[in-house]
Each structure stands twice: as C-alpha cells, then as structure tokens.
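Computed from the coordinates by the stated procedures, all read-outs in this text should not be read as laboratory data. These numbers come from a predicted model, not from an experiment.
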Amino acid sequence: MPAGKVKWYDTDKGFGFLTKDEGGDVYVRAAALPAGVTALKAGQRVEFGIVAGRKGDQALSVRVLDAPPSVAKAMRKTPDEMIVIVEDLIKLLDDLESTYRRNRHPESRTGKQVSTVLRALANELES
C-alpha cells in the first residue's frame, strides 16, 4: 500500500491532495477517509490505495498513520519568549517574598500581576 503525506485538504469542499513518497500527487475525496475522520492536516502521514481516475490517480481507503499536528504546539512561544516570562515571574516572586518577610500581604495590584504571569506560564507549559 503506498504511503505519503497530506499536501492539502479542504474540509469544507471535502477533497484535497496527497503526495506519494515516491513522488507525484494523488487526489483524495472525503469518502476515502476512514470512519470518524473528517479532516486531514497538511504534513500528516497516511497510507492509501490508488485507483486510476478520469483525471489522474485517486486515493482509496486512506489510513492515517500519525495524529494531526497540534495547533497548541504550533502556537507555542519560542524559548526566547519564555525566558522573558520566567524572568518576569522570578522578579515578581522575589518582590512577593520580601513583602511576606516583612509580615505583610501583597497589594491587590501586585497579586494580580503575579497571578497573570503565573497563568501565562502554566498555559505555555501545559500546551
């Protein structure tokens, strides 16, 4: 069974093209996708049968070999951007620590700043 990658796929129109590992493109319709799969993502690895159609090769019985790329991972901040967030958090936590060492609670504004940066870092680490 030939293998390749998804070149592109339009979910709204229900078709797209696959690129064979050996070279060349193959037309793919939504009807060729496995049960439960409604879309393919560019770069996704697939296996498929081929039949000669009027306008060229068409894929039959597509089998998805790997999960689609994660949107969350694609949107992740770069390590350089994360350094800035971590440095800001360390500075805020140092200031927070000194406030507590003086036997005081932080001001509301400081608490909001710390919690905002903590949430941003947690969201990035979870994605």
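Worth a mention:
- When the Cα convex hull of region 71-126 is projected onto planes of every orientation, the mean area is 4.1 nm².
- Set of aspartates and glutamates near residue 77 by C-alpha distance (under 17 Å), chain-local residues within fewer than 8 positions excluded: 87, 88, 124, 126
- With both residues required to sit in the chain, DSSP beta bridges show an antiparallel share near 95%.
- Calculated translational diffusion coefficient of region 3-64 (20 °C, 1.002 mPa s; Stokes-Einstein with Kirkwood radius over alpha-carbon pairs) equals 192 µm²/s.
- Contact order for region 3-64, expressed relative to its length and based on alpha carbon pairs under 8 Å spaced 6+ residues apart, stands at 34 percent.
- Hull volume in cubic angstrom per residue (convex hull over the Cα atoms of the chain): 147 Å³
- Cross-link partners for residue 13 among the lysines, with Cα-Cα distance under 29 Å and sequence neighbours closer than 8 places in the same chain left out: 5, 41, 55, 73.
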